[in-house]
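Computed from the coordinates by the stated procedures, all read-outs in this text should not be read as laboratory data. Please read these numbers as outputs of a predicted model, since none were measured by experiment. Virtual Cβ from ideal backbone geometry, glycine too; neighbours counted across all protein chains shown.
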Amino acid sequence: SQQGEEDPQALSIQEGENATMNCSYKTSINNLQWYRQNSGRGLVHLILIRSNEREKHSGRLRVTLDTSKKSSSLLITASRAADTASYFCATAYSGGGADGLTFGKGTHLIIQP
Amino acid sequence: DSGVTQTPKHLITATGQRVTLRCSPRSGDLSVYWYQQSLDQGLQFLIQYYNGEERAKGNILERFSAQQFPDLHSELNLSSLELGDSALYFCASSVAGTSHNEQFFGPGTRLTVL
């Protein structure tokens, strides 16, 4: 079963506006990662935030992590048409050992020109 | 381009058949992860190999198996295929043996079972 849940499931905004997506998860984590997927193609890694970090920036991306609420948000500023894609959060369990990422269901973002 | 390659891009086969999906990780990465993406189940972790050894198992069916070869490429074998196995299969690679680092995904293999 999937641990992460993104909110909203779909988001449509005008080009130039900011887009905010949220992710909630259930277990303790080592890190949380955000990925982008364009139309059924491969996933592109966007940003990784570790459990001891609260905020991270990368270009137009800003990610926050609140481990007490088990939630994260991804903010894309000054959106562009090329940002149209599905965005997934993925968590890495902190229990040690090896394991794969647990993905949420994703937010489908549409940027209207 | 992530540096991870997967072949074939598309595969169409019939129920009951067996197929093999191939993945070459990024140069220097020792871990290979396999994921399945379907409309109803979303993205699910199947199995991980690290430097030739199985490291972790996720929601992988008994009909599915994988291996990683000495040159670090990996193959995912799917047998006795069912309609519900139709999905996108991704492999990802990372340098470490855990999910504590970013993973780089290949373009995927789209499997259609008729």
inquiry  = Let me confirm one metric for peptide A:33-45, namely the mean number of other chain beta-carbon atoms within 10 Å of its residues' beta-carbons.
reply    = 5
task = Would you count, across the protein assembly as shown, every pair of lysines whose alpha carbons are under 28 angstrom apart, provided the pair is eight or more residues apart or spans two chains?
result = 14
message = Restricting to Cα pairs below 8 Å that are 6+ residues apart, what does the relative contact order work out to for chain A? Please round to a whole percent.
response = 39 percent
task = With the Cα gyration tensor of the protein assembly as shown in hand, convert its eigenvalues to equivalent ellipsoid semi-axes via √(5λ) and list them largest first in whole Å.
result = 29, 20, 16
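Stokes-Einstein at 4 °C, 1.567 mPa s, Kirkwood radius from Cα pairs: D for segment A:9-102 in µm² s⁻¹?
Details: Rh = 13.9 Å.
Result for D is 93 µm²/s.
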task = Take B:24, B:94 and order them by how many other Cβ atoms sit within 10 Å, fewest up front.
result = B:24, B:94
key: Sum of side-chain charges, residue B:28 neighbourhood, beta-carbon under 14 Å (Lys, Arg +1; Asp, Glu -1)   = -2
key: Using a Förster distance of 22 Å, the FRET efficiency for residue B:9-residue A:44 (Cβ separation, nearest 0.05)   = 0.80
key: Residue-wise HN-Hα coupling along segment A:103-113, computed from phi with Karplus coefficients 6.51, -1.76, 1.60 (Hz; x: Gly, Pro)   = 9, x, 7, x, 10, 8, 9, 10, 9, 7, x
query = Restricting to the protein assembly as shown, what percent of DSSP beta bridges are antiparallel, rounded to 5?
reply = 90 percent
key: Debye log10 I(q)/I(0) at q = 0.12, 0.15, 0.17 Å⁻¹ for chain B, Cα point scatterers   = -0.36, -0.57, -0.74
ask   = Long-range amide H contacts for residue B:99: which residues qualify at under 5 Å (H placed 1.01 Å from N, peptide plane, sequence gap of 5 or more or a different chain)?
value = A:99
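Among A:83, B:1, what is the fewest-to-most ranking by other Cβ atoms within 10 Å? Don't skip to the answer; put the middle values down first.
Working: A:83 19, B:1 7.
Ranking A:83, B:1 by Cβ neighbours within 10 Å, fewest first, gives B:1, A:83.
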